Amino acid sequence: MRIKFNSIRFKISVLYVAILGVILVIYSGVLYLSLYHSLYDDLDNELLLKTRELNNTVLSYMDAVGHNRQSFIFALRRAINLEGEHPDQPKIKELELQWFQRLDKLDLKEDYINFLDSEGRPMVSSKNLDMGLLSILTKNSNMPNDKKEVFRDVKLKNNNMRVICAPFYYDGKGPYIIEIGTSVKPIMRILKNRLYNIAVSIPLILLFAGFIGQLFAIRILKPVAKITETVNKITHEDLSARVKTENVDEEMKFLVNAFNDMISRLETSFRHIEEFSSHVAHELKTPLAIVRGESEIALRKEHDPEEYKRVIRINLEESKRMVKTIENLLLLAKLDYRPEIFKFEKIELTEFFREIYEHARTLAFNKEIGVNIHMPDTPTYINADKFHLRRLFLNIIDNAVKFTPKGKRISLTVKYNGEKVIAAVSDTGVGIEEKNLSKIFERFFHVDVTEQEESDSGNGLGLSIAQSIAKIHNSDIHVKSQPGKGSTFTVTLPLKQP
Amino acid sequence: MRILLVEDERKIANFIERGLKEEHYAVDVASNGEKAIFMNDVNPYDLIILDIILPGRDGLSVCKELRDKKIDTPILMLTARGNTGDKVSGLDSGADDYLTKPFSFEELLARIRALLRRNRINKTTIIKAADLEIDQLTHKVKRAGKEIALTSKEYALLEYFMLHVNQVVTRTMISEHVWNEDFDSFTNVIDVYVNHLRNKIDSDFKNKLIHTIRGTGYILKE
């Protein structure tokens, strides 16, 4: 698993680790501080307990041996340092045993005990207090005011101490001062240990979390990897690949669906282009094949001049056919992508349709087809591109002539209907089969012609061009047909409002 | 050799037909797939030239149907589409060769010759029988080193005999493979042509090659 620093995966894990790190540090800090305070509170309570116990011990001693200064000193020395022998030893032996058991439980042996008189002079102190320590404790001892205990920290070279100063009274005399100091080393050891644990565990947890974060990020980003894999499979030759949508998270599903839709659209347009270019190739290669084949065969052997003339005529026809196909293709491209080439102007329709009629008669002349026109002769105007609108009608008429047998009729009917002009071209030809009605405006669509009609089936672009021109004039061509009886093509155009 | 040409573009069919006839082939033209299958059922063809883009059913399905019927006549596909995918689907449907329009007519002829000699042991264009030899490429005929001039039909007839040397060739076989559909088989045209051929090939030589099998047909014996 290589880490890339600008990857989402990396960013997600870094964010994840950072948030977790901050939480862990704050949490551990709070825990550490509360531990610190509770340990110190415990220590203080312990010290307080010790002073009370010592207090009670001394007072109990004195109750046993008498309330005077001598027995007070003796009680202190006995309680603190287990010094001196009292004459009535057997009498107090049993008491002492109980006291010492209690004192032992408090572990006073490790503590430093200093007993001062009301002037702050040391009276009795434990044996483990050397002169230096004694003077430090004595010097800093302060008289507990208002009969309350006072805690303080004493800083030593290698051993910090927590010290309690508590007042001591007997028989209304005092206050004397009990000073007990205890090493904070055990607490420090616990705290240090805890700090060490925190310092070691947090980075370990974060490292682990980072790893888990990466796994999570990979899991979350898995659809992205899948999409990438699919995208890599897609080429212009094969657009069939799709990203699978099952087991994809909701948010990713939108992306995946959008992506799949995009490929579908691309696939459709690619197939369209492919079909189109295959048609173009066919339309252009057929005349080329004829030109080439006829010429090659003519040149292989000697032929008579009539044969050469025939070949040249065919070649000429075929080159005209190619030019026409190319012109039509260019026109279609313009209609599709450059509508700005159209020049819309005010056209008078009576005059316009009269021209169309003349053209239609010329087109129909060779097949001895008659042309009728029905048109009101009130001058009416329309906003259109005259050249292309003429092309529209001539293409429809050309198509009608092509599919109408010799000697039959074609009629052109024009009606004005308020805001619209309705122009219909009807023929009495072979008609269009139901299944082909929707296809006749497709580019390169050819009806499967039977042999009698195959003489010149055109290039299958005429009606498609007519339809494109109609669209640019905000119009549409409708066709109705009865096979065997004929077809009617209707164009409806908006009139120019005066 | 009789060829079925399946092509809907009348003008293309026209020049291929004329060009092939000039090369002594007998040619029939079908303008769509259904007609092609019907004509193939009726006549025994030595080769089929099949356009892919046809009205109605396309050339690929025609080719598949012919192969499904266990017809192993060599098929040469012809089309305007020339990308690899189209070639692959053409050949996979059972065609033996593929030619893209516009093609050179010489190449078409060469491919036809190659397909026709595919099942022959002798893969060259020269066929020999005794001291007679013909060159399918130049259409020159020699006997004992001497060139003999033949008409188009005579050459086609001789070529058919040479391809079936030492085998009895019936009049029906000749009418089916040397002539096309326009031929009226009730005439004695075949006998007339065989006699012409004998005059040119055998009359100057002692060792006669073409013999009549009474009631059946002819044989070219080495």
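The values are calculated or read from the model by the stated rules, or taken from the named source; none is laboratory data. What you see is a predicted model; the values in this text were computed from it and never measured. Cβ: placed from backbone, ideal geometry, glycine included. Neighbour counts: every protein chain shown. All accessible areas refer to the heavy atoms of the entire protein, side chains included, with ligands and DNA or RNA removed. Shrake-Rupley method; radii C 1.70, N 1.55, O 1.52, S 1.80 Å.
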Checked region A:423-447 for anything more than 14 Å from chain B (Cβ to nearest Cβ), open to solvent by 70 Å² or more (accessible area, probe 1.4 Å) and assigned to a helix (DSSP H, G or I); matches are A:GLU434
Scanning region A:277-301 for residues that are facing another protein chain (nearest Cβ under 7 Å) and of a type in the set (Asp, Glu) gives A:GLU294, A:GLU296
The condition of being open to solvent by 30 Å² or more (accessible area, probe 1.4 Å) and within 60 Å of the chain's Cα centre (by Cα) holds, among A:ARG69, A:ARG9, A:ARG77, A:ARG52, only for A:ARG9
TODO: Take A:SER475 and decide whether it is open to solvent by less than 20 Å² (accessible area, probe 1.4 Å), part of a loop (DSSP other than H, G, I, E, B) and under 27 Å from A:HIS279 (Cβ atoms).
DONE: yes
Being in a helix (DSSP H, G or I) and either out of contact with any helix residue (DSSP H, G or I) (no Cβ under 8 Å at 6 or more places or on another chain) or among the aromatic types (Phe, Trp, Tyr) (or both) narrows A:ILE290, A:ILE273, A:ILE218, A:ILE205 down to just A:ILE273
I'd like to check something: does region A:263-277 contain any residue that is within 30 Å of A:PHE10 (Cα to Cα) and open to solvent by less than 40 Å² (accessible area, probe 1.4 Å)?
yes
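A quick yes/no check of all residues on (1) over 60 Å from the mean Cα position of the chain (by Cα); (2) exposed (fewer than 12 other Cβ atoms within 10 Å of the Cβ):
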{"position": "A:ILE314", "(1), (2)": "yes, no"}
{"position": "A:GLU340", "(1), (2)": "no, yes"}
{"position": "A:LEU349", "(1), (2)": "no, no"}
{"position": "A:VAL401", "(1), (2)": "yes, no"}
Note on B:GLY217: of the conditions (1) surrounded by fewer than 16 Cβ atoms within 10 Å (Cβ to Cβ); (2) touching a Ser or Thr at 6+ places or on another chain (Cβ under 6 Å); (3) not basic (Lys, Arg), unmet is (1)
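For (1) crowded, with 20+ Cβ neighbours inside 10 Å; (2) not in a helix (DSSP H, G or I), each residue gets a yes or a no:
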{"site": "B:ILE16", "(1), (2)": "yes, no"}
{"site": "B:GLY19", "(1), (2)": "yes, no"}
{"site": "B:HIS24", "(1), (2)": "yes, yes"}
{"site": "B:LYS35", "(1), (2)": "no, no"}
{"site": "B:TYR45", "(1), (2)": "yes, yes"}
{"site": "B:ILE48", "(1), (2)": "yes, yes"}
Filter region B:99-114 for residues that are under 18 Å from the mean Cα position of the chain (by Cα) and open to solvent by 10 Å² or more (accessible area, probe 1.4 Å); the one that is farthest from the other protein chains (Cβ to nearest Cβ) is B:ALA114
Inside region A:219-261, the number of residues satisfying the requirement of being under 14 Å from the mean Cα position of the chain (by Cα), closer than 26 Å to A:GLU274 by Cβ and acidic (Asp, Glu) is 0
If we keep only residues of region B:75-88 that are buried (at least 16 other Cβ atoms within 10 Å of the Cβ) and of a type outside the set (D, E, K, R), then the residue farthest from the other protein chains (Cβ to nearest Cβ) is B:ILE75
